[in-house]
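Encoded as C-alpha cells, the structure appears first; notes follow it.
Since every read-out is calculated from the coordinates, none of them should be taken as a lab result. Please read all numbers here as calculations on a predicted model, not as lab measurements. Every residue, glycine as well, gets a Cβ built from its backbone with ideal geometry; the counts of neighbours run over all protein chains shown.
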Amino acid sequence: MKKLLLPLIVLAVIGFGFYSWAVGFNNTAIDLKENATETWGNVENSYQRRNDLIGNLVKTVQGAADFEKGTLVDVIEARAKATAINIDPTNITPEQMAQFTKVQSGLAGALSKLMVVVERYPELKSNQNFLKLQDELASTENQILTARTRFNEAVKPYNKHIKTFPNKILAGWFGFDNMKYFSSENGAEKPVDVEFDFKK
C-alpha cells in the first residue's frame, strides 16, 4: 500500500502542476485577447468618428452654390464603402485587413480631393461650421493613428504569450490563434491633409 501511495502523490503533484499551468495560460491568454479586442474597438470608434464628421462636412459643403457634385458623390460613395466593412479582431485575415485598409485609404483620398476643391469657394473657407469640422477632422486623423498603434501594442503580448514554448502547445488545445497586426498602405499613417491657405 505504501509503495502505491508515493507514486500516486507524485502523479497528483504533477497533475496539479499541469492543471495550474493550463489554467494560468488560459486565463492570461483570455485577458490579453480581450485587451486587444477592446483596443480594436477603439480603432473602429475613431474611424466611426471620422465617418460622422465627414457626413457633417458633406452636408455643410452641399450648401455651397454650384459645388462640384462629382466630388461630393465620390466622398459619399467612399464613406458608404468604409462603413460597410466590419472586422472581428479575434479572427482578422490578411485579406480582411487589406480590404479594410483599401476602403479607408479610398475615403481618405476622396476627402483630400474634396478639401482641394473647397479652395475655390471663399464662402466655405470662411464658414465657421466648416472650419470647426476641419479642425475636428484633423484631430480625429491623429486619434486614428494613435488607436491603430495601441491596437498593435495590445496584440504583441497576446501573440507572444501563445507563441512561446511550451505555451504554444496549449494554445492549439484551447483554440487560441495568432491575431493580425494592423498594417496600412504606404503613406496611410499620415493624417489626411486638411490644411488651407487662407491668405489668398
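For this structure, a couple of remarks:
- All positions within the stretch 66-115 that are among the acidic types (D, E) and surrounded by 14 or more Cβ atoms within 10 Å (Cβ to Cβ): E68, D74
- Enumeration of residues in the stretch 124-142 that are touching a helix residue (DSSP H, G or I) at 6+ places or on another chain (Cβ under 9 Å) and either assigned to a helix (DSSP H, G or I) or over 18 Å from Q62 (Cα atoms) (or both): L124, K125, N129, F130, L131, L133, Q134, E136, L137, T140, E141
- Pairs, first crowded, with 17+ Cβ neighbours inside 10 Å in the stretch 31-55, second outside any helix (DSSP H, G or I) and not basic (K, R), C-beta under 6 Å, six or more apart: A36/M179
- Number of positions in the stretch 131-151 that are farther than 28 Å from G41 by Cα and either in contact (Cβ under 8 Å) with a residue 60 or more places away in the chain or of a type in the set (K, R) (or both): 0
- Condition met for A98 (within 30 Å of G175 (Cβ to Cβ), more than 13 Å from the chain's Cα centre (by Cα) and not β-branched (V, I, T)): no
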